[in-house]
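Here is the structure we will look at, set down as structure tokens.
Read-outs: derived from the displayed coordinates by stated rules, not from any lab. Quantities reported herein were computed from a predicted structural model and do not represent experimental measurements. We place every Cβ from the backbone using ideal geometry, glycine too, and count neighbours over all the protein chains shown.
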Amino acid sequence: MQLPTLKIEIEDKNISIPIRQRFQTIIKEKKSNLCLSADLTSLDEIIELSNLIGKNICMLKIHCDILTDFSMDKIQELKDVSRRLNFLLLEDRKFADIGNTVALQYTKGLFQIAEWADLVTVHVLPGEGIVQALEQAAQTINESRGCLLIAQMSSKGALTNNEDYVNGVIKCAEKYSDFVIGFISQSRLTTSDKYLHCTPGVHLTNTGDQLGQQYVTPRQAIDGRGADIVIVGRAILDSINRVKTAEAYQQECYQVYEELHLS
Ligand code: S5P
């Protein structure tokens, strides 16, 4: 007699939760609105660092195209750390091409970004087809996916920082509000708390770098500019003790956020 085949489904408890809801829960549960921008060229080093700092962050942002040791096995390892320590993975790909091309960039090639990145960053410069394409491509993945639209940039002279452009980005977010869960921004763009405003260009001591980056403090980013999530890179990466510095940024960022939103 032939036995029926047993279908074993290994359930990731996070799969079925929409990404927006998951993000908001992580922030509250971990008392962290800190995103570490791990702009390192070694994925091994990022994995090691995320094991140490994962408890302090709500999201880890990487640029997969600067990694010298990328492999799908290693990125799966990073994904496992992110699930265990409960933070989201953001690939800062800054997609900026026509829909058909970005769908391929998102799902194919060496990086297969859609397989592992909870969120990606997207320029709306080519028009809303870019978001439509990514959303469609994400539907082939068995986990909730989303994106952050780049509305304003922190760098000196950014051409994104004009009103018409930003209004176009907000309109696009409203049209694709299931997939667009927030913005990369330098100011509060909407009163709706559906969209998480994520602000890079944050440093407690420096005001900029030699290549046009401009910094504000966590308080200025959250209080002055309406950030929900603060994205911090070199302020942590270049510090003598990355873990202690990440803890300090987590505390400072969440304290200001709580004062404003939760008191
Ligand atoms: O406007 C922006 C948008 C982004 S995503 N300005 C930025 O700096 N970023 C990214 O944030 C940038 O690509 C880098 O990965 C990070 C800032 O790094 P830091 O070392 O200057 O904090």
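Numbers below:
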{"read-out": "Cα-Cα pairs of the stretch 52-201 separated by more than 19 Å (percent)", "value": "52"}
{"read-out": "Candidates T25, T217, T121: whichever shows maximal mean-square fluctuation once the chain is modelled as a Gaussian network with Cα springs under 10 Å", "value": "T25"}
{"read-out": "Helix-only [θ]222 nm of the chain, DSSP H runs n ≥ 4, -39500 (n - 2.57) each, per residue, nearest 500", "value": "-10500 deg cm²/dmol"}
{"read-out": "Label point distance in nm, L260-N162, each placed 7 Å from Cα along Cα→Cβ", "value": "2.7"}
{"read-out": "Where the Cα pairs of the chain fall when distances are cut into 5 Å bins, in %", "value": "1, 6, 13, 18, 20, 18, 13, 7, 2, 1, 1, 1, 0, 0, 0"}
{"read-out": "Two-site FRET efficiency, H63 against R84, from Cβ-Cβ distance with R₀ of 22 Å, rounded to 0.05", "value": "0.45"}
{"read-out": "Estimated FRET transfer efficiency when R0 is 35 angstrom, pair D223-E128 (beta carbons, to 0.05)", "value": "0.65"}
{"read-out": "GNM flexibility winner over the chain from N33, N56, N162 (Cα, springs under 10 Å)", "value": "N162"}
{"read-out": "Qualifying lysines (Cα of each under 22 Å from Cα of K55; at least 8 residues distant if same chain)", "value": "K13, K28, K30, K31, K74, K79, K244"}
{"read-out": "N51/T205 FRET efficiency (R0 22 Å; Cβ-Cβ; nearest 0.05)", "value": "0.25"}
{"read-out": "The chain: most fluctuating residue of E163, E252, E77 per GNM, C-alpha cutoff 10 Å", "value": "E163"}
